[in-house]
Amino acid sequence: SQQGEEDPQALSIQEGENATMNCSYKTSINNLQWYRQNSGRGLVHLILIRSNEREKHSGRLRVTLDTSKKSSSLLITASRAADTASYFCAATTSYGKLTFGQGTILTVHP
Amino acid sequence: DTEVTQTPKHLVMGMTNKKSLKCEQHMGHRAMYWYKQKAKKPPELMFVYSYEKLSINESVPSRFSPECPNSSLLNLHLHALQPEDSALYLCASSQVPGQGLYQPQHFGDGTRLSIL
């Protein structure tokens, strides 16, 4: 079974707005990663947050991790039409094995 | 362009055919992965190779046979597949995880497989 559950399943916003996606997981993790997948393409790594970190930034991305609640969130600020994609969280549990969440489909309207 | 190259991009095969999917990377990564992804679903791990040796098999049916002939190449041999095996097959590579350091995985664009 999949480790992560993501919320919302789909998100539709206007360009310039912020997009927030949430992820919950069930077991202990070494780190949590976020990936983006454009339609018909492979996954692209966005950001990794280790289990001893609480917040991390990369450009317009902000990730938080709450290990007590077993949850993480991804915030994309000032969204662009090019951010339209599916976003997956992935928990790393053992030997680098990734278990993906169900994903959030983000649509950013110009 | 991705740094992990998968061929072919599309493959249609009958249930009695034998075919192979290929994956190549030149980033010096010594861990390579096969995932299966159904439409609107997340990728599911199938196999992991570390230093050219199979380290994880996620109870994949024997009609899927992986092979890692060298540190840059990963193959997935297919034989007697079922219609439910139709999916996007993704290859990924990374530095070998170790000492609690887990590196991001780099994905190819996948092979879209259709079983008739």
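The values are calculated or read from the model by the stated rules, or taken from the named source; none is laboratory data. Just so it is clear, the model here is predicted, and its values are computed rather than measured. Neighbour counts run over all protein chains shown; Cβ positions are idealised from the backbone, glycine included.
Structure summary
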quantity	calculated
Test: residue in segment B:12-30 that is out of contact with any His (no Cβ under 8 Å at 6 or more places or on another chain), at pLDDT below 95, in a strand (DSSP E or B) and more than 14 Å from every other protein chain (Cβ to nearest Cβ)	yes
Matching residues, segment A:21-54, being in contact (Cβ under 8 Å) with a residue 24 or more places away in the chain and farther than 16 Å from A:Thr104 by Cβ	A:Lys26, A:Thr27, A:Ser28, A:Ile29, A:Asn30, A:Asn31
Sole residue being under 29 Å from A:Ile105 (Cα atoms), more than 8 Å from chain A (Cβ to nearest Cβ), in contact (Cβ under 8 Å) with a residue 12 or more places away in the chain and charged (D, E, K, R), chosen from B:Lys53, B:Lys38	B:Lys38
Residue match in segment A:2-17 (condition: over 20 Å from B:His106 (Cα atoms), touching a helix residue (DSSP H, G or I) at 6+ places or on another chain (Cβ under 7 Å) and not β-branched (Val, Ile, Thr))	yes
B:Gly108, sole failed condition from (1) more than 14 Å from chain A (Cβ to nearest Cβ); (2) under 11 Å from the mean Cα position of the chain (by Cα); (3) not charged (D, E, K, R)	(1)
Any hit, segment A:49-56, residues being more than 14 Å from chain B (Cβ to nearest Cβ) and surrounded by fewer than 17 Cβ atoms within 10 Å (Cβ to Cβ)	yes
Subset of segment A:55-110 (residues that are among the polar types (S, T, N, Q), under 25 Å from A:Glu15 (Cβ atoms) and touching a residue at least 60 places away in the same chain (Cβ under 8 Å))	A:Ser79, A:Thr104, A:Thr107
B:Glu67 loosely packed, with under 12 Cβ neighbours inside 10 Å and more than 12 Å from every other protein chain (Cβ to nearest Cβ)	no
Qualifying position, being part of a strand (DSSP E or B), more than 9 Å from every other protein chain (Cβ to nearest Cβ) and in contact with a helix residue (DSSP H, G or I) (Cβ under 6 Å, 6 or more places away or on another chain), among A:Val63, A:Val108	A:Val108
Filter pass, A:Tyr25 being buried (at least 18 other Cβ atoms within 10 Å of the Cβ), within 10 Å of chain B (Cβ to nearest Cβ) and within 22 Å of B:Pro97 (Cβ to Cβ)	no
